[in-house]
Amino acid sequence: MADFDDRTGLSSATPSRTLNEPIPRSTGYTPASRLQKIDRYLDGMGTASLESFPIDLPKYYFKIGIGTYNRISDSDIADVKGNGGVVLPMPATMQDALGVQWKDEEIGWTGAIVSNALSSDGDTNDRGGWQTGTGLTMGAAAAAARGVGSLLSYATGSNLADRAISAGQAMFGMAPNQFLTILFKGPQYKQYTFTWKLAPKNVKESQILLNIIRRLNREASPTADYSALVWRYPSVFQCQFSPNENQMYKFKPAVLRNVVTNYAGSGMPAFYKSGFPESVQLSLTFQEMEFWLKGDFDISGGDTGGGP
């Protein structure tokens, strides 16, 4: 295992890379190779050309690379061309949240009948639900149920059908089983919010902090082009915990959705003689631009250089 420099987060086994050098393309895309190229790009940045707060960096810190993002297709590896970045202390919270989209769907009696016809092993269960062999079968049943239901509503009048069902429930004290199922919709983009309370020790650090805040706001903002008829995209951000990301979790290229700055960081306004605020609370919300898939996660060990 390569040794890390506590000051730069660089591996002694990793050759240096110029900041503006893009991640080279690969002839074959795999999730693992995608993350490895992001790692090499971030490790090559170091901290020399980045704006850092505080001036004397702690052993562990948070690196935010800033640049442009170019991805030709979903099967290709994106180019991330760097344009500097900033370095901050570790944020107050470091919470990783993975979400996927599921939807509750009522397939009704019609869907249950269709599902039973389509599934070779479909059968009702003692919980009142409906079991099918595949999610595809249940999805087809739900689609068929919606189509048949629409035809019935058109033929009989939805209001008339609803009144009849309500009357039956009231008379017999029973409600029809709607055969509720759950359908997978797809993955979700990860989103992170990081917060800091930053207190400069002198005028120089105050100016650096102000520059960093202005830089983040600028890079998160679009530009107007062609007489303001179109917007050019803001910059893309690449986050990294340094130097121990392999023992925590990693990030994919992200957009910066929100920059929130409270210049009364101590709970009330306070200023140095120079006019700079005594402390600042900074909150950044990032949303990644690529999904996390099964192949992105390395479960073989904490420091193998793979996924989280």
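Somewhere in the stretch 175-195, is a residue modelled with pLDDT under 95, crowded, with 19+ Cβ neighbours inside 10 Å and farther than 21 Å from M90 by Cβ?
Scanning the stretch 175-195 turns up at least one residue that is modelled with pLDDT under 95, crowded, with 19+ Cβ neighbours inside 10 Å and farther than 21 Å from M90 by Cβ.
For the list (1) more than 29 Å from S274 (Cα to Cα); (2) at pLDDT 90 or above; (3) of a type outside the set (K, R), I need the number of the one condition that A164 fails.
A164 satisfies all of (1) more than 29 Å from S274 (Cα to Cα); (2) at pLDDT 90 or above; (3) of a type outside the set (K, R) except (2).
Restricting to strands (runs of 3 or more DSSP E) lying wholly in the stretch 205-308: which have 2 or more residues that are aromatic (F, W, Y)?
Output list reads 236-242.
The values are calculated or read from the model by the stated rules, or taken from the named source; none is laboratory data. No experiment lies behind these values; they were computed from the predicted model shown. Ideal geometry is used to build each Cβ from the backbone, glycine not excepted, and the neighbour counts take in all protein chains shown.
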